[in-house]
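The values are calculated or read from the model by the stated rules, or taken from the named source; none is laboratory data. From a predicted model like this one, the values you see are computed outputs, not experimental measurements. Quick reminder, even Gly has a Cβ in these numbers, built from the backbone with ideal geometry, and neighbours come from all protein chains shown.
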Amino acid sequence: MKENRGLTLVELLVTIAILSIVLVIATSFMMTGSRSFAKGNADAQVQKEAELAVNQMEDMIIDVNGGVDMLKDDSTGDRELILYNAGGAGGVVEFTKESIIYKKTDEKIVCSKWNMKYDTASDTYSVDSAIYTDQLLAENVTEFEVDLSDIYKDTAEDGTEIDIVKSVQIKVGYKDSSGQASYATSPVITLRNRMMRSSNPTHIWHNTPKETDTLRLYISGSEIATVVPIQDGVTTVTRGNMYNVFAMINDGSNVNDLVDWEIGETNTLSTIDSSGKLTVGTYEPCTFLTITAKYKSNPSQKVSGVVRVEGGTLKSLDGVSITTKSLLPFAPQYGSMVSTIGFTESEIAALTYTWTVSAPERVESFNGTGKELALTVKQESENYGKSFTITLQVHSNITGQTVSDSIVYRIDNEGTVGGDSNMERGRTATDANDHAKNTYTLKPPVYEKVEMTPDYYFCDEYGNHISALDKYKPYVELKLLGDAYAESYTLTFTKDLPPDRPYYIKVIIHYHDLVGENNWKYERIHYIQQLRIQGETTYITEAANLYDGFYTNYSIVGYYNIAWVNVQPVNYEVTLDYEAPAGVVIGANVIQTETAGDEGRLWARFLFDVDTGGMEFWKVAQETKVKSATIKISHKDYPSIYTYSTVIFP
């Protein structure tokens with residue numbers, strides 16, 4: 001059996017030597033890999049920082065709307081990219097300067113931003129307070145260049161030639177761990193706004209814009225601390241005040257001298273002059289005003305803004321309607337009904353009325369002073385079948401408004417019965433005693449046996465048939481009254497006859513004599529008014545009581561049967577002017593509508609809807625003062641038919 005022995009000293013030394021060599025080689029490989037990884041990671045970080053800086057600068061440049069320039073200091077190698085912007089922080093127009101600065105010695109890119117201020121005496125802009133300074137964008141930067149060579153030529157306000165930049169490209173050089181330079185480059189940045197190449201802010205913001213630039217509207221005035229953009233329906237103006245409205249383009253330039261101004265509403269008492277000065281009427285009746293600026297040389301290039309009118313005193317001469325009092329043969333009589341908002345009784349009494357007729361040669365006498373008109377028509381054959389227009393104009397010296405209404409009077413064809421009636425929708429005409437105005441007299445021949453065949457159709461004022469309106473014939477009923485000798489007829493209208501337009505109806509009655517075989521014909525043209533809702537001003541003698549509510553009066557012109565009127569689809573929209581404790585909100589809802597008299601006169605009762613905001617109701621009632629209520633009354637199916645009725649509380 002062999003004896004087991006360990007390593008000899010020589011063998012051990014050889015083994016240790018071999019292991020040492022292996023360990024040295026392995027350690028060398030590990031250190032080399034670690035250094036390579038660290039170098040690659042550092043280079044990637046530098047590249048990432050450079051690319052991030054380029055992306056940040058791209059975002060800063062793309063939305064600038066003022067000017068841009070690149071300043072170079074060849075002695076130090078420093079670079080400064082200047083960005084001027086006209087924008088808004090919190091809706092306020094602001095002018096700012098932003099600088100992206102490359103500091104070659106420090107191999108850094110930093111960014112700063114300042115507010116700009118305007119000096120009216122010197123007509124110059126200068127740097128004001130800092131928004132931020134020297135914010136680090138990138139390190140290890142060896143080069144910074146911005147390409148502003150893509151430009152087109154334009155002309156400044158003073159006639160000098162200027163450069164407008166169309167696109168920008170950025171290049172940032174950075175140094176890797178071996179000392180070699182690499183680059184991060186942006187794509188070509190196509191600018192969204194018109195931007196001048198200049199480092200002079202006064203030059204930039206005083207240039208003459210091109211008419212392809214987008215217009216925006218801004219406003220300032222006694223109640224607006226600074227220039228703010230007009231936000232449709234949100235920006236408010238106050239009755240009796242003046243404001244400056246500015247048409248501006250993207251770079252903040254005021255282009256008022258290049259545009260014409262107008263207000264869209266036709267019944268406004270406000271004006272805007274050629275310089276953009278808006279004067280809101282002391283008694284402006286409109287709740288909103290639409291202001292439009294149009295380039296003088298290209299009116300299709302325009303911008304509109306809508307401002308809300310508040311405060312002051314709302315007064316408006318809203319409208320007038322001619323009403324029929326009597327239609328005796330050749331002697332019609334008319335009245336009138338005005339609609340006002342916010343007028344006092346004395347102001348309504350001071351309104352002036354002017355009546356005119358389009359064919360005075362057909363009128364024998366004319367008494368049209370004040371609210372009523374009485375006519376005597378000449379009973380001459382050359383007038384028979386002819387028409388003339390009666391017009392009423394009402395003027396208020398308080399608001400300067402004038403409103404008008406017109407109706408057509410047609411002289412009967414035969415000249416024996418007189419003028420046509422202003423027939424009204426909704427008349428049932430089933431009871432001759434109750435609705436005598438719906439009954440029209442015939443002239444039957446004096447024979448014992450006469451057949452009568454009635455017919456009718458829609459026509460123009462001269463009797464020409466309008467076949468397009470035949471579809472409405474089912475909504476009109478012609479009925480002869482009497483047995484063997486009919487001497488009258490009635491016309492009945494249903495609510496299905498569209499009320500938003502007037503009509504003419506020609507009635508033809510054919511007579512046939514059964515004994516003598518003779519034939520006769522009777523014709524007459526009737527005029528049917530279109531529906532109008534007429535508001536009134538109601539003066540309440542006691543202060544508004546939040547417990548009891550209030551009522552308002554109005555009339556419906558063109559309808560006679562009150563029961564039918566009461567079932568018509570009518571909307572009520574109430575606006576209250578009141579003073580109440582903070583947190584309290586007050587509205588009003590209609591609870592009933594009833595007859596207030598003849599000929600379409602109505603009244604509606606409202607109850608207050610009070611959100612007490614957590615207060616006790618009795619306390620809210622004591623501390624609240626309701627000044628007035630303005631009620632818009634409109635037809636649900638025909639929203640264009642509406643009026644305003646006003647309630648004034650003491």
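Which one of Gly305, Gly281, Gly319 is in a strand (DSSP E or B), out of contact with any helix residue (DSSP H, G or I) (no Cβ under 7 Å at 6 or more places or on another chain) and at pLDDT 85 or above?
Step by step, each of Gly305, Gly281, Gly319 is checked, and only Gly305 is in a strand (DSSP E or B), out of contact with any helix residue (DSSP H, G or I) (no Cβ under 7 Å at 6 or more places or on another chain) and at pLDDT 85 or above.
Which residue out of Ser122, Ser112 is modelled with pLDDT under 90 and over 38 Å from the mean Cα position of the chain (by Cα)?
So the residue among Ser122, Ser112 that is modelled with pLDDT under 90 and over 38 Å from the mean Cα position of the chain (by Cα) is Ser122.
Output yes when any residue across the stretch 630-648 is modelled with pLDDT of 90 or more and over 24 Å from Leu314 (Cα atoms), and no when none is.
Checking the stretch 630-648: not a single residue is modelled with pLDDT of 90 or more and over 24 Å from Leu314 (Cα atoms).
For residues that are touching a residue at least 60 places away in the same chain (Cβ under 8 Å) and either outside any loop (DSSP other than H, G, I, E, B) or over 19 Å from the mean Cα position of the chain (by Cα) (or both), tally how many sit in the stretch 284-302.
6
Of the residues that make up the stretch 279-300, is at least one among the basic types (Lys, Arg) and not assigned by TED's automatic domain parsing to the domain that holds Val234?
Taking every residue of the stretch 279-300 in turn, none turns out to be among the basic types (Lys, Arg) and not assigned by TED's automatic domain parsing to the domain that holds Val234.
Restricting the stretch 284-299 to residues that are touching a Lys or Arg at 6+ places or on another chain (Cβ under 8 Å) and surrounded by fewer than 21 Cβ atoms within 10 Å (Cβ to Cβ), which is modelled with the lowest pLDDT?
Out of the qualifying residues, it is Thr287.
Looking only at the stretch 256-276, filter to residues that are free of Cβ contacts under 8 Å to residues at least 60 places away in the same chain and more than 17 Å from Lys294 (Cβ to Cβ); which one of those is surrounded by the most Cβ atoms within 10 Å (Cβ to Cβ)?
Selected residue: Ser270.
I'm checking my understanding of the structure. Among residues of the stretch 41-73 that are more than 19 Å from Gly173 (Cβ to Cβ) and exposed (fewer than 13 other Cβ atoms within 10 Å of the Cβ), which one is modelled with the lowest pLDDT?
Of everything passing the filter in the stretch 41-73, Asn41 is modelled with the lowest pLDDT.
Go through the stretch 351-371 and give me each residue that's basic (Lys, Arg) and assigned to a loop (DSSP other than H, G, I, E, B).
Within the stretch 351-371, just Lys371 meets the criteria.
Checking the condition assigned by TED's automatic domain parsing to the domain that holds Lys386 and either aliphatic (A, V, I, L, M) or more than 33 Å from the chain's Cα centre (by Cα) (or both), which residue from Tyr504, Tyr547 passes?
Of the residues listed, the single one that is assigned by TED's automatic domain parsing to the domain that holds Lys386 and either aliphatic (A, V, I, L, M) or more than 33 Å from the chain's Cα centre (by Cα) (or both) is Tyr504.
Can you say whether Ile348 is among the β-branched types (Val, Ile, Thr), assigned to a strand (DSSP E or B) and surrounded by 15 or more Cβ atoms within 10 Å (Cβ to Cβ), as far as the supplied structure shows?
no
Which strands (runs of 3 or more DSSP E) sit wholly inside the stretch 372-463 and have at least 1 residues that are under 47 Å from the mean Cα position of the chain (by Cα) and modelled with pLDDT under 85?
The qualifying strands (runs of 3 or more DSSP E) are 387-395, 402-410.
Within the stretch 359-377, is even one residue in contact with a His (Cβ under 8 Å, 6 or more places away or on another chain) and surrounded by fewer than 16 Cβ atoms within 10 Å (Cβ to Cβ)?
No; the residues of the stretch 359-377 include none that is in contact with a His (Cβ under 8 Å, 6 or more places away or on another chain) and surrounded by fewer than 16 Cβ atoms within 10 Å (Cβ to Cβ).
What is the number of the single condition among (1) at pLDDT 85 or above; (2) in contact with a strand residue (DSSP E or B) (Cβ under 9 Å, 6 or more places away or on another chain) that Thr492 does not meet?
(1)
Can you tell me how many residues within the stretch 505-552 are hydrophobic (A, V, I, L, M, F, W, C), within 28 Å of Arg410 (Cβ to Cβ) and in contact with a Lys or Arg (Cβ under 8 Å, 6 or more places away or on another chain)?
6
Matching residues to (1) at pLDDT below 85; (2) of a type outside the set (Val, Ile, Thr):
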residue	(1), (2)
His203	yes, yes
Lys210	yes, yes
Thr214	yes, no
Val228	yes, no
Asp232	yes, yes
Asn244	no, yes
Met248	yes, yes
Val255	yes, no
Ile272	no, no
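Identify all residues within the stretch 588-639 that are farther than 20 Å from Val574 by Cβ, crowded, with 18+ Cβ neighbours inside 10 Å and of a type in the set (Val, Ile, Thr); write none if there are none.
Correct list: empty.
Search the stretch 461-486 for residues being of a type in the set (D, E, K, R) and exposed (fewer than 13 other Cβ atoms within 10 Å of the Cβ), and hand back the single one that is nearest to Leu442 (Cα to Cα).
Asp483
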